[in-house]
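A.B. asks: Below you will find the structure I want to go over with you.
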Amino acid sequence: PGHLKSFFERNSNWNVNICDNKCKDNFMNNTFRDTSILWAYNAINPLVGAARADIWRYCVLYTFGGLYLDDDSDIKVPLDNIVSPTDYLIMSEEGSSSLGDCYIPTYQLSDAATFMRYPNFSNAIHYHGVNPETKIPIFFHDHTLINWAIFIAPRHPILLRTLQHIVEIVRSEYLRKSYIHITRWEPRWKNVMCSTGFVLTYTVREVELENSIPREYMPRISVNNFREYKGNVKAIWTGNDPSHYMKAMNRKNGPHLLHEYAPISIEAIADYLEGRSVMGDAGKEVYLIRNRTKCTFGSYELFLKMGFTDRGTKHVADNILSLIPLGKSLSESDAVSPVPSHSASLSHKTKKTISTSLSTSGGGGGVQPSLVVNNAESNAVLSEVHQQLVNFTTVLNNVTVICFGDDYAGTRDDYLKSTYKWLLKETPVMVYPFCARTFQLGNTLGYFFNDLACSDLVGSHFIAVHKEFNLLDPASLVTNGSDRYAFFNALPDLVVHPNVLMESEVKSKMKSDCQCLQYCWESSEAPWVRRIPYIRKYLLRAIDAYVQAAGGFHIPTVLSNVTDYSTVPLDTPLPLIPNVTIQYRCGDNIGFGKTRYGLLPFSAYTSSNRIDKQTAKYIYVIADSPGRQSYHAYSSRCGQILGHLFAHLKKHFPTAVVIVKRGGDAFLDYARLAYSNTTICSASTFCLWPALANSVGQVHFPLTPLVARAATNETAPHLSPHFHWIREVTMIKEFKKYRPWTNLIDDLESL
């Protein structure tokens with residue numbers, strides 16, 4: 001087209017690549033082979049080209065960076081006049097567009113979940129007040145962000161997060177548990193917009209609110225379709241009509257988003273609907289789902305007498321409802337009938353003290369509790385409770401449950417608000433949505449262990465549901481297939497409390513003893529502080545399970561000839577567990593610029609006899625992968641810092657084998673930290689949990705408010721006999737003063 005010819009002439013110094021559908025497919029199949037994002041791309045119905053194009057553009061921009069531009073759009077200002085050296089991401093708001101909330105309230109990107117997790121939203125850069133009608137906070141002037149033109153640096157974390165969300169949403173569609181908020185009156189094309197196109201807008205909002213990346217990586221946002229740069233989008237003209245998306249979709253009766261879906265399990269759907277009033281699309285009849293059948297009420301008076309309401313009645317598609325068998329017609333006697341046995345309360349059948357022991361299976365299906373009890377009566381009670389919790393887990397695994405993310409755990413609030421009362425009745429159970437990923441693994445485990453400790457502290461059972469594990473770099477693991485999930489699968493997903501309390505008692509204790517919701521590792525009063533042996537038991541079990549899946553503790557440590565340093569040839573057989581493990585978190589510890597993080601001077605490793613020169617035969621330094629936040633300006637400096645640390649350790653421990661290992665298998669690193677005779681951590685939640693699990697050696701941790709408010713010698717608590725605070729030297733936390741930055745190395749070596 002003529003406008004593209006002019007565009008190319010204005011930007012003749014830019015390399016241009018034009019890609020058709022075949023080109024897109026080839027790129028995805030080659031570059032993202034064996035990834036979940038390729039599965040999502042191929043799951044999209046080929047007839048829904050827009051959704052596939054969205055995924056492709058995010059992937060190609062994540063890989064190469066640059067400018068993406070739709071072929072029917074234009075930007076008349078030369079690109080060199082738009083992009084500055086400090087830009088990492090440039091975006092634009094639509095001229096006028098809003099589709100309301102895309103997602104159901106329990107999904108993490110929804111308005112409800114987002115502003116519950118991040119209540120301090122008014123401090124955000126792109127916050128623009130509150131909608132006077134909906135009372136929902138406004139971002140980006142209540143517009144969506146366009147994706148017909150995006151300027152971005154390669155490997156940008158916002159695009160990575162966007163792609164992760166798209167995989168989650170497509171998977172929810174495939175499993176027929178859609179995260180998309182769509183009523184029967186809304187057009188099917190809303191699924192397309194909210195599954196891929198608008199995900200970018202919601203992700204930018206989420207990342208901005210969680211403040212997880214440096215501010216300079218947040219987008220510079222233009223307005224009204226890049227109007228200031230004479231942007232011209234021909235594909236969609238908003239006409240200053242805020243409902244233009246809805247009107248456009250109403251004119252279309254498009255195909256389904258995916259070309260195939262998971263088979264329907266009527267049993268699972270009936271279990272999910274158990275005890276609820278439902279009606280079909282036509283709304284002619286209301287049923288009660290009981291024992292996997294649909295029972296008729298007979299009269300509206302009976303419907304009300306049994307405690308049901310019009311508002312609480314759930315709408316179910318006619319084609320689904322028709323597959324549930326018709327049961328009996330309800331009568332007056334049913335108004336006081338007990339709830340069916342598989343959702344009945346067994347919480348307080350006995351107040352006897354019951355002793356339990358949990359053991360895990362080595363398979364990939366999660367923890368299967370093995371109950372060891374004192375007598376036949378207790379055995380019967382525990383078995384009944386155990387089966388009840390299994391039933392709860394089965395039902396909730398077929399219900400959409402929010403994943404809380406890396407800076408919030410809502411398990412406590414869910415219990416106090418009786419979120420799952422419809423299922424749990426009076427049984428005290430903390431329900432933890434276990435969505436884990438190896439990026440920010442320490443934070444993820446922190447919330448899991450804190451809530452697990454809370455349940456034990458307050459007298460509640462514990463179940464983990466929706467176990468979904470995201471391995472961001474599976475190639476770094478020595479395991480394959482399902483063995484890669486051995487660590488996560490060995491963490492408990494069902495714990496029967498031996499001395500369960502009444503629901504009212506649990507809630508009272510929970511309010512007083514489990515107050516932490518955010519960054520709980522920073523609190524000295526959080527439940528995890530009072531249950532360290534309890535956490536140790538479960539974490540060591542998970543570490544052991546992974547090591548066994550990897551081949552056992554006799555497997556060697558394998559080094560990379562690209563990233564690692566060694567005082568012996570790289571192919572030398574090395575033990576898995578060294579005498580000394582030093583965790584040295586570098587890149588983003590420099591970039592954070594916060595009081596919680598920093599770098600330990602090298603003297604922390606050579607003074608105070610922390611490392612015994614006589615017994616330290618192997619010293620491993622485990623550090624960030626060079627690929628971790630490689631976009632960060634500070635990341636490239638870690639190589640030089642680690643090189644100097646390597647030289648420092650060689651000098652002070654000349655008879656030891658010194659290794660610097662950058663990246664690799666994070667779970668084997670956990671084994672090293674948990675089983676070394678000497679473990680020395682950086683200020684890092686990644687290191688905290690295996691350090692607390694270490695009961696065979698001595699662990700040393702820098703003073704930092706990151707952990708249990710241990711900012712000073714006076715505030716640092718005693719955590720365990722094996723855990724020691726590094727008190728004689730403090731971290732270097734302020735880095736802007738170093739000009740040139742290499743002066744930092746001088747201080748690391750001399751302080």
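A.B. asks: Can you list residue pairs whose Cβ atoms sit under 7 Å apart, with the first residue in region 69-86 being over 12 Å from Phe151 (Cα atoms) and assigned to a loop (DSSP other than H, G, I, E, B) and the second being at pLDDT below 95 and of a type in the set (Asp, Glu)? Count only pairs 6 or more apart in sequence or on different chains.
C.D. replies: Qualifying pairs under 7 Å: Thr86/Glu216.
A.B. asks: Let me ask another. State all residues of region 452-470 that are farther than 28 Å from Leu160 by Cα and open to solvent by 10 Å² or more (accessible area, probe 1.4 Å); if no residue qualifies, say none.
C.D. replies: Asp456, Leu457
A.B. asks: For Arg171, only one of the following conditions fails: (1) surrounded by fewer than 18 Cβ atoms within 10 Å (Cβ to Cβ); (2) in contact with a helix residue (DSSP H, G or I) (Cβ under 6 Å, 6 or more places away or on another chain); (3) under 22 Å from Trp56 (Cα atoms). What is its number?
C.D. replies: With respect to (1) surrounded by fewer than 18 Cβ atoms within 10 Å (Cβ to Cβ); (2) in contact with a helix residue (DSSP H, G or I) (Cβ under 6 Å, 6 or more places away or on another chain); (3) under 22 Å from Trp56 (Cα atoms), Arg171 is out only on (2).
A.B. asks: When the residues of region 686-725 are filtered to those that are closer than 26 Å to Cys516 by Cα and among the β-branched types (Val, Ile, Thr), which remaining residue is surrounded by the most Cβ atoms within 10 Å (Cβ to Cβ)?
C.D. replies: Only one residue tops the list, namely Val707.
A.B. asks: Looking at (1) under 21 Å from Trp528 (Cβ atoms); (2) modelled with pLDDT under 85; (3) among the β-branched types (Val, Ile, Thr); (4) crowded, with 22+ Cβ neighbours inside 10 Å, can you tell me which one Thr438 breaks?
C.D. replies: (4)
A.B. asks: Are any residues in region 102-128 touching a His at 6+ places or on another chain (Cβ under 9 Å) and surrounded by fewer than 17 Cβ atoms within 10 Å (Cβ to Cβ), and if so, which ones?
C.D. replies: Pro105, His128
A.B. asks: Also, I was wondering about something else. Can you name the residue in region 129-146 that is open to solvent by 30 Å² or more (accessible area, probe 1.4 Å) and touching a residue at least 12 places away in the same chain (Cβ under 8 Å) and, of all such residues, is farthest from Met279 (Cα to Cα)?
C.D. replies: His141
A.B. asks: Scan region 656-676 and report the pairs whose first residue is at positive phi and whose second residue is modelled with pLDDT under 95 and part of a helix (DSSP H, G or I), with Cβ atoms within less than 7 Å and a gap of 6+ or a chain change.
C.D. replies: From region 656-676, the pairs are Gly663/Ser476; Gly664/Ser476.
A.B. asks: Scan region 511-519 and tell me whether some residue there is in contact with a strand residue (DSSP E or B) (Cβ under 7 Å, 6 or more places away or on another chain) and either under 22 Å from Ala436 (Cα atoms) or outside any helix (DSSP H, G or I) (or both).
C.D. replies: Within region 511-519 (the criterion being in contact with a strand residue (DSSP E or B) (Cβ under 7 Å, 6 or more places away or on another chain) and either under 22 Å from Ala436 (Cα atoms) or outside any helix (DSSP H, G or I) (or both)), the answer is no, since none of the residues qualifies.
A.B. asks: Okay, moving on. Does region 493-504 include one or more residues that are under 25 Å from Trp689 (Cβ atoms) and open to solvent by 70 Å² or more (accessible area, probe 1.4 Å)?
C.D. replies: Checking region 493-504: not a single residue is under 25 Å from Trp689 (Cβ atoms) and open to solvent by 70 Å² or more (accessible area, probe 1.4 Å).
A.B. asks: If Thr162 satisfies all but one of (1) open to solvent by 10 Å² or more (accessible area, probe 1.4 Å); (2) within 17 Å of Asn211 (Cα to Cα), what's the number of the condition it fails?
C.D. replies: (1)
A.B. asks: Of the conditions (1) at pLDDT 95 or above; (2) part of a helix (DSSP H, G or I), Thr679 satisfies every one except a single condition; which number is it?
C.D. replies: (2)
A.B. asks: Shifting gears a bit: Could you grab me the full set of residues in region 596-606 that are surrounded by fewer than 20 Cβ atoms within 10 Å (Cβ to Cβ) and over 15 Å from Leu703 (Cβ atoms)?
C.D. replies: Thr606
A.B. asks: For Asn489, state whether it is part of a helix (DSSP H, G or I), under 26 Å from Val707 (Cβ atoms) and open to solvent by 10 Å² or more (accessible area, probe 1.4 Å).
C.D. replies: Spelling it out, it is not the case that Asn489 is part of a helix (DSSP H, G or I), under 26 Å from Val707 (Cβ atoms) and open to solvent by 10 Å² or more (accessible area, probe 1.4 Å).
A.B. asks: Tell me yes or no: at least one residue of region 545-557 is of a type in the set (S, T, N, Q), assigned to a loop (DSSP other than H, G, I, E, B) and surrounded by 14 or more Cβ atoms within 10 Å (Cβ to Cβ).
C.D. replies: There is at least one residue in region 545-557 that is of a type in the set (S, T, N, Q), assigned to a loop (DSSP other than H, G, I, E, B) and surrounded by 14 or more Cβ atoms within 10 Å (Cβ to Cβ).
A.B. asks: Which residue, of Thr685, Thr712, is out of contact with any Lys or Arg (no Cβ under 8 Å at 6 or more places or on another chain) and over 24 Å from Val660 (Cα atoms)?
C.D. replies: Only one candidate passes the filter, namely Thr712.
A.B. asks: Please note which helices (runs of 4 or more DSSP H) are completely contained in region 228-314 and include at least 1 residues that are modelled with pLDDT of 85 or more.
C.D. replies: 266-273, 300-305
A.B. asks: Looking only at region 33-82, how many residues end up being open to solvent by less than 10 Å² (accessible area, probe 1.4 Å) and of a type in the set (Phe, Trp, Tyr)?
C.D. replies: Residues meeting the conditions: 2.
The values are calculated or read from the model by the stated rules, or taken from the named source; none is laboratory data. Quick caveat, the model's predicted, so the values are computed rather than measured. Methodologically, a virtual Cβ is constructed for each residue, glycine included, from the backbone with ideal geometry; neighbour enumeration extends over all protein chains shown. Only protein heavy atoms, including side chains, enter the accessible area calculation; ligands, DNA and RNA are left aside. Shrake-Rupley method; radii C 1.70, N 1.55, O 1.52, S 1.80 Å.
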